[in-house]
Every structure is written in C-alpha cells, then in structure tokens.
Amino acid sequence: MNSHCVVRARVGSAILWLALLVALAAPVAPSRAEDGHQLWLRYPRLEEPWRSEYRAVAAQLVACPTGQTTAAGSEQSATPSSPLVVARSELARGLTGLLGASPPLASGVTEGGALLFGTPRSCALIAQERLPLRAVGREGYVIRSVVVRGRAATVIAGNTDVGVLHGVFHFLRLLQTHRPVDHLDISSSPRIELRVLDHWDNLDGSVERGYAGASLWDWKKLPDHLDPRYAEYARACASIGINGTVLNNVNASARILTRPYLVKVAALAGVFRRYGLKVYLSARFSAPIEIGGLKSADPLDPAVRAWWRSKVDEIYRLIPDFGGFLVKANSEGQPGPQDYGRTHADGANVLADALAPHGGVVMWRAFVYGRSKEDRARQAYDEFVPLDGKFRANVLLQVKHGPIDFQPREPFHPLFGAMPHTPVMMEVEITKEYLGFATHLAYLGPLYEEVLRSDTYARGRGSTVARVIDGSLFGYPITGMAGVANIGADRNWTGSQFDQANWYVFGRLAWEPTSSAAAIAEEWVRMTFSNDPQFVGPAVAMMMRSREAVVDYMTPLGLAHQMASGTHYGPGPWVHDNPEPDWNPVYYNRADSDGIGFDRTASGSNAVAQYAPLIAARFSNLTTVPERYLLWFHHVPWDYRLSSGRTLWDELVLHYTHGVDEVRAMRTAWSGLASYVDPERFAEVTRFLAIQEREARWWRDASIAYFQTLSKRPLPPGVAPPAHTLAEYEAVCFPSTEGYTSKTPACAPPNPVIP
Ligand code: GCV
C-alpha cells in the first residue's frame, strides 16, 4: 500500500470509528413500544455462549474498502452513496446490536478473528484469496473462513458492492439465528434475475388490495422530502435479495409518466440505488393519448412508437438505471393493443423497443379474462401460447401462480411450461386479498413452494415451475419473479406481525426457489421473535399449518373464488348476480342438487388439456386427480366416495370444520408463548387470532348453510350445525371496502352475524 493510501485508510477508519463511538455514546432514545417496525432486522443483544463465540470470529472489522489497494494497484474507495457504504454500516449496526459493541476497525488483519468485506477490486486482501467469485455473478457473494497472515479471518466478498451487501446480510443472519460461523464456506447467488415487488399503490395514496394502511410513497412531499422509511424499506428488501420495485398500481394512471412525477420517482430511485433496488413503473397503455396528446395508442402507429421512445429517453435521463415497465393491458377494462386489433406481442414490443437501448425490460401481464365464454381459466393460455416467440428479447410474460386469480389454492398456471421461447416470470400475491386480509394468519411459504415445486412435465419429469421461471428449463435469457406487495404506511409495515413473514419468504424464495418454506419460516421466527426452541418449534408449526387452515375454511377440495364480490372478504358461495359471469362464486362452484365442482375435463371446458399430456391425464381422471384439486377439475356427485371412504358431502363439511379447528389450535398454541414475546406484539397476534377464529367459523357455517340447501344431506354425526340461517349469512355485508378501490359502496354496519 502506498503512503497516500495508508493515510487515507487511517483517516477513513478513524472517522468511521469516531462515528460509531458517537452513535454509541448518544443518549439512549426513549424506549418505543415493540410495534414490529424493525421487521426481522432487530439485532437484539445475544446471550452467551453465542456472544463470546461470535466475538471471537468478529474480533476485528477490517475496513478494507477504504484502505486496501486493488490487485491492479489503484485504490477503489466506496463512494458515499455506494452499497458498500451501506454494507459497512449494516455490519457495524448488526454487530453492535448483537455483540454489544462493534469490533474495533482496522485497515489490515492485525489480530485473529478478523472480518473482511469487499470486492477483489476494492480490497487486495480479498483479491489474494482467490475466492470462487466467478460463479456468483453480479449479485451473489462468497463467505469463507480463511487464514490471512497466519490469523483466522472471515471474508465476505462479492464481485460488486451490492453482492457484498447481500453477503453481509447473510452473515448477520447466521448470527441472528445462532448458526456456527467459524468454518464457513458459503457461495450464494440468485437463481432468478428480477426479484420484484409490485406495489398496487395509487397516486392518491390509496393501495389497491392493500391492508397495511396508506401508500408508503408520499407523492405530495416528494421529491423534496425523503421520508426515512424509504431507506428502511430498501434496506429490508436488500436483506432478502429483492432487487426491484414497481412503484405504482398496474391499474395505472398515466400521470406517473409525466415529468413532475418522474422527478419524484427519480428521488426514490436515488435512495433505493444504494440498496441495489431498481425502480420500475406500471405504464398505462393509452398514455400517448392521455398525456401525449396523440389521437391513438396503436402500437404500430409510428407517432406512438416515437412517443414511447422519447418518453423512455426522458425517463433514463432522470433515472439512468431505470428497470422498465410493468403493463396490464386489455384486462379488467385497462386499455391495450387489442383496442386497435393488435396483439399483446405488438403492444409489448413497442415498449420493449423503446427500452432496449437503455437495457430496460417489459413485464407484460398474462392476467386476461372475459373473452372465454366457457371457462375463464382457459383464456390466458389460449391468448398467449400462439404468441410464443413473437415478443422482443427484453419482454417477460408475467403469469399469476394459478389460472384464475391468487386463490388460496390453485393448480399451477398451464402457461408455465407452455412458452419455451418467451421468458415467463411468476407473479404471486403477498398481500392477502383472498386469504383474510391482514388479520388472518396465513404464512404463504407453503403456497409458493407448492407452485414452485409443481412438475409441469413440459420437458419430462422434473420440469418444475421453479425450473421454468429460473430459466434453466428453456434457457430463458432473462428471468423474474414478482410479488404483489403487502406493504403500507402502518408502523408494522404489513398490517400484521405475521404478514411480515410473507414479504420475507417471497424474497428468500425468489433468490433460491428450491428453498424450503419451513426452513425460511424458522429463520424468520428466530430473527423476528426468538431463538428459544420452546418458541421456535410451536411458532413454525403454526405458520406451516396456517395456509392449509385457510384453504379448509374457505375453499376446500379444489373450490375457488367463493369470496364475497368486490371486497373478496368473507364467504359468498351463493352470489350469482354480478354482471360478468366469472365474477360470481356460483360460476366457480357449479353446485346443484347432483353435486359440486367445475368440470374442466373433456366432458366440460377441457381446460385440463392445456397441461402436458401426463398431467392432463392425471388431473382428468377422478381416481388420480389429487383431492386438493378435485373440485377444480371435476363436477362430483355429493355421494362420491373419497379416499377416506367418506362421501364428498361429509368430507367437505369435515374440511370446513377442520379449518376452524386448526385456527383454534393456533390460538391455543400462541397463548402458551406469551413469555417469549414482548407484550405488544403478543397482544396484537392474540387479538388477530381471535378475529380469525370468529371469521373462520363464519366461513364454515355460511358455506355449509348454502351448500346444504343443494346437497340436502345431513351433517356427519357429531358435527355442529351452522350458528345462523342461510338468509342471515346472505344478509351479511362486510362494512368496509378496505383495499378495494372500485366504486362499489360499502354496506352499513353493524353486522348482526359477525359482530
Ligand atoms: C390490480 C384481481 C384483483 C384486482 C387486481 C387484479 C389484477 O382481480 O381483485 O384488484 O387489480 O387482480 O391482478 O390486475
């Protein structure tokens, strides 16, 4: 190292060290209620023996980035806004919290237990280690226990600053979850390139299907005021590997593309960049008319093409690393290329052409319905498969996890596996539109895992959805996974403590789609609540059963879309009077005096034929279809015998009842955990579980009351009848349209059945 470097290194280290001391010496802030705001990044003081063990491994923090020459001899220092600076402060913050004090900073390894972090370019010591960094790409990292000049050290290295940041979060996670860190040899890189949160946030501050308060983005005060939460949000995203955020609702306002808003977006992008988070926008297809003054938005019109090109150029002048557009077109009343007799490919390509020179992408949604008269589940496949190969290289087709709409359970969407020449990305809903909003505890890890592990058989056995979307099955040049965010301005971010786990598991699975939902739940529980095995075991067990409980009390045995119209909250299996057939639950349950379920086999809509032959054959056959999808694919007589030997009717009733029992069991389990959780969060979860149990009963009773009018069969022996009459359930209306932005009026409280 030359003397200039040494001086800079010392000065840099001294400043950082001083800053840390000042921070530590600052008066202790008045203690806040445990409201969950810190998410899984709490860094509470560890107990022994962990503290001593980790102190030995992190006895010294080597501030390599400010002080080491590169292999090439020229020093690279982190700019004040680089992810490396964020990585450094995160490490200091995490170690200070967990160990009680940050290890002393040094510019070289002077004692054992040194912790080095950086890139080979920023740090000669790291370059010397010859780590297998080539394999981890732009965003991955290597964490390895090594010996430097005869002293034990741990290296956290990436090829880029953002890779280092991801590695730092991984290292801290090991400490947070009490894992051994003395013999590390970890290489990790994301299997999916675009790991994106889709915010359905409107410019007026409301959030469509959002149950965590208003939008985080304070458009009125942007760009002048940058709420500290923007950085906190980006930090949380980075900690789980999320690298993109679509700021506005797919039911988009064209105003987001006007200059005043783009300036605000650029301000947010400036904050997010430090965390490796790119900004995307939902684009309204008719924007050339609405804000461009053109007569048409026809994608083949040269004036329209020129408008998009110049708009995109303007965006990149303001946001050089802008990610691209998300588009909902010709879906639920949104404008699109079909308005001009053009195809989805024509529509996507005009945007793609404008973005391509800048490296941006188009995420074009496949959520379309309304044209298929016989079965909504068929339409997306029928419309998009003929377009395979007709999209530009920078277009991804964004496909919901199932063919209907984010139901608690659906079979995987048949487009996974059917588009070998078009990158297909998966969209899941993190916000619980159809799973009881924020008050019902439903950990979505098992849902995501179930879809990711589903075998499409597109290229024979092992052609899982995970392998479709990670690109390995068809060799897609770009890959992606999107989650509709459940984040709002509530102090706890997601409307409930346990819904934070759904944000968490989305990020972790998007990074590595073969991970286990149970392992991720455990990690989250340990980081968010406690490492005590007496807590971890029951809490993880609750989470892992919770989604199936919701399926049972809402839509068992393959039923779907039985929620009340509009709000999608509470039961409505009898609803039949919406103008569009497929907005009615009766359209989906098809219950009559003979039986229940939607015949999607050859004798019905034949939607099953959209799957690979082997899967289609399995789903078509009443004896081989998995019972969890039974009523999705078949109209089944009430007396049909299931594998249990019981009739379908009895089994249906028992599933509803079991769902309620499961919630009751969750309540009991939680009530025994008070001593492991702070009183505030414990009380909130307790209250929400009480709501959930009451509403699970509502779901069960109302559904049974309705279906019994058709099955005309008695309840199985020993099973309690519904508490109210069907007429009373039908009269219930949910007194809020929270999270729903259509013009549907809310009905008036109070509600006699569900007080
Ligand atoms: C953003 C469902 C939701 C709508 C949502 C739509 C979509 O229909 O109920 O609120 O609109 O999906 O994904 O576009």
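Write down the radius of gyration of the chain and its Dmax, each obtained from C-alpha positions, in Å.
Considering the chain through its Cα atoms, Rg and Dmax are 26.9, 90 Å.
Would you tell me the accessible area of residue 453, worked out with a 1.4 angstrom probe on the heavy atoms of the protein chains, in Å² to the nearest 10?
Roll a 1.4 Å probe over it and residue 453 shows about 120 Å².
Using +1 on the beta carbon of Lys and Arg, -1 on that of Asp and Glu, and nothing else charged, what's the dipole of the chain about the Cα centre, debye to 20?
Taking the Cα centre of the chain as origin, the dipole is about 1980 debye.
Pairwise over distinct Cα atoms, reciprocal of the mean inverse distance: report the Kirkwood radius of the stretch 194-528 in Å, one decimal place. Walk me through the numbers on the way to the answer.
On the way: mean 1/r = 0.0501 Å⁻¹.
Mean inverse Cα-Cα distance, inverted, gives 20.0 Å.
Roughly what angle does helix 344-355 make with the longest principal axis of the chain, taking Cα atoms, 0 to 90 degrees, to the nearest 10?
So the inclination is approximately 10 degrees.
DSSP beta bridges in the chain, what fraction antiparallel, as a percent rounded to 5?
Working: 18 of 59 bridges.
Percent antiparallel among DSSP bridges in the chain is about 30.
Looking at the P(r) of the stretch 177-246, how many percent of alpha-carbon pairs lie beyond 15 Å?
On the way: 1657 of 2415 pairs.
Of all Cα-Cα pairs in the stretch 177-246, 69 percent lie more than 15 Å apart.
If all Cα-Cα distances of the stretch 489-534 are sorted into 10 Å bins from 0 onward, what percent lands in each bin, rounded to whole numbers?
Result, from short to long distances: 26, 49, 24, 1 percent.
Give the carbon-plus-sulfur fraction of the accessible surface of the chain in %, rounded to a whole number; probe 1.4 Å, heavy atoms of protein chains only. Working shown, then result.
On the way: 14790 of 27370 Å².
The nonpolar share, carbon plus sulfur, comes to 54 percent.
Give, to the nearest whole percent, the P(r) tail of the stretch 455-566 beyond 25 angstrom, counting all Cα pairs.
Value for the stretch 455-566: 40 percent of Cα pairs lie more than 25 Å apart.
According to the Cα gyration tensor, what semi-axes, each the square root of 5 times an eigenvalue, does the equivalent ellipsoid of the stretch 249-303 have, listed from largest to smallest in whole Å? Walk me through the intermediate numbers first.
On the way: eigenvalues 139, 25, 19 Å².
Taking √(5λ) for each Cα gyration eigenvalue gives 26, 11, 10 Å.
Once you wrap a convex hull around the alpha carbon atoms of the stretch 613-696, what is its projected area averaged over all directions, in nm²?
Details: hull surface 31.5 nm².
The orientation-averaged projected area of the Cα hull of the stretch 613-696 comes to 7.9 nm².
Run through all the Cα pairs of the stretch 37-188 and give the fraction in each 10 Å bin from 0, expressed as whole percent.
Percent of Cα pairs in each bin: 12, 46, 35, 7, 0.
Any idea of the accessible area per residue across the stretch 144-223, 1.4 Å probe, to the nearest Å²?
Numbers: 2760 Å² over 80 residues.
Averaged over the residues of the stretch 144-223, the accessible area is 34 Å².
Once you treat every alpha carbon in the stretch 210-263 as an equal point and sum by Debye, what is log10 I(q)/I(0) at q = 0.24, 0.27 Å⁻¹?
-1.23, -1.30
With no solvent and one point on each alpha carbon, what is the Debye value of log10 I(q)/I(0) for the stretch 309-417 at q = 0.24 Å⁻¹?
-1.33
The values are calculated or read from the model by the stated rules, or taken from the named source; none is laboratory data. Model, not experiment: these values are computed from the prediction. Glycine gets a Cβ as well: all are built from the backbone with ideal geometry, and neighbour counts include every protein chain shown. Just so you know, the surface numbers come from the protein's heavy atoms only, side chains and all, with ligands and any DNA or RNA stripped out. Shrake-Rupley method; radii C 1.70, N 1.55, O 1.52, S 1.80 Å.
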